[in-house]
Amino acid sequence: MKTLPLLASALALTLGSAAAVQAEEGLYGGLSLGTTMINNQTSTSGGTTGVGSYNLGFSVLGALGYDFGNNLRTELELGYGSSDIDDITVGALTFDVTGGGIDLFTGHAAAY
């Protein structure tokens, strides 16, 4: 269960680096920076197991919304995260990897 402390750390870092601007009513926006942590990816084929390990990456999220002032608001969030692959282990062999990784795009629309 090593993932839970890492996720809690990432959440604390993200919340600690969030910036938002909002008035009583009208247009508002926010920006947050954080980390991206990809779990090791494991695959087995023909009795041989391969494991891909990833480096700690970064993430950025922007939000834009409108507060109507009558307890109703709408919001659109767009985010991007990236993490490079560190190495791949197949059996007893480990290969360093350069130039590979995962990009993550997110989007969220809401009305409150």
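Could you check E24 against (1) surrounded by 12 or more Cβ atoms within 10 Å (Cβ to Cβ); (2) at pLDDT below 85; (3) of a type outside the set (F, W, Y); (4) more than 22 Å from the chain's Cα centre (by Cα) and say which number it fails?
Of everything listed in (1) surrounded by 12 or more Cβ atoms within 10 Å (Cβ to Cβ); (2) at pLDDT below 85; (3) of a type outside the set (F, W, Y); (4) more than 22 Å from the chain's Cα centre (by Cα), E24 misses just condition (1).
Given (1) among the small types (G, A, S); (2) under 15 Å from Y28 (Cβ atoms); (3) buried (at least 16 other Cβ atoms within 10 Å of the Cβ), where does G79 come up short, assuming only one miss?
The number of the failed condition is (2).
Restricting to region 68-80, count the residues that are modelled with pLDDT under 95 and in contact with an Asp or Glu (Cβ under 8 Å, 6 or more places away or on another chain).
Residues meeting the conditions: 3.
Among the residues of region 83-112, which ones are surrounded by 15 or more Cβ atoms within 10 Å (Cβ to Cβ) and hydroxyl-bearing (S, T, Y)?
S83, T89
Within region 44-59, can one find any residue that is of a type in the set (F, W, Y), closer than 30 Å to E25 by Cβ, surrounded by 12 or more Cβ atoms within 10 Å (Cβ to Cβ) and touching a strand residue (DSSP E or B) at 6+ places or on another chain (Cβ under 6 Å)?
no
Would you check which residues across region 67-92 are among the small types (G, A, S), in contact with a strand residue (DSSP E or B) (Cβ under 6 Å, 6 or more places away or on another chain) and either without any contact (Cβ under 8 Å) to a residue 40 or more places away in the chain or not in a loop (DSSP other than H, G, I, E, B) (or both) and list them? Step through it out loud before you land on a result.
To start, the set of residues in region 67-92 that are among the small types (G, A, S) comprises 69, 79, 81-83, 91-92.
Still in the running and in contact with a strand residue (DSSP E or B) (Cβ under 6 Å, 6 or more places away or on another chain): 79, 81-83, 91.
Across region 67-92, the qualifying residues are G79, G81, S82, S83.
Scan region 91-105 and tell me whether some residue there is in contact with a Leu (Cβ under 9 Å, 6 or more places away or on another chain) and modelled with pLDDT of 90 or more.
yes
Test S59 against the stated conditions and say whether it is touching a helix residue (DSSP H, G or I) at 6+ places or on another chain (Cβ under 8 Å), in a strand (DSSP E or B) and either under 23 Å from S32 (Cα atoms) or of a type in the set (S, T, Y) (or both).
Against the criterion (touching a helix residue (DSSP H, G or I) at 6+ places or on another chain (Cβ under 8 Å), in a strand (DSSP E or B) and either under 23 Å from S32 (Cα atoms) or of a type in the set (S, T, Y) (or both)), S59 qualifies.
The values are calculated or read from the model by the stated rules, or taken from the named source; none is laboratory data. Model, not experiment: these values are computed from the prediction. As a convention, Cβ positions derive from the backbone with ideal geometry for all residues, glycine included, and neighbour counts pool all protein chains shown.
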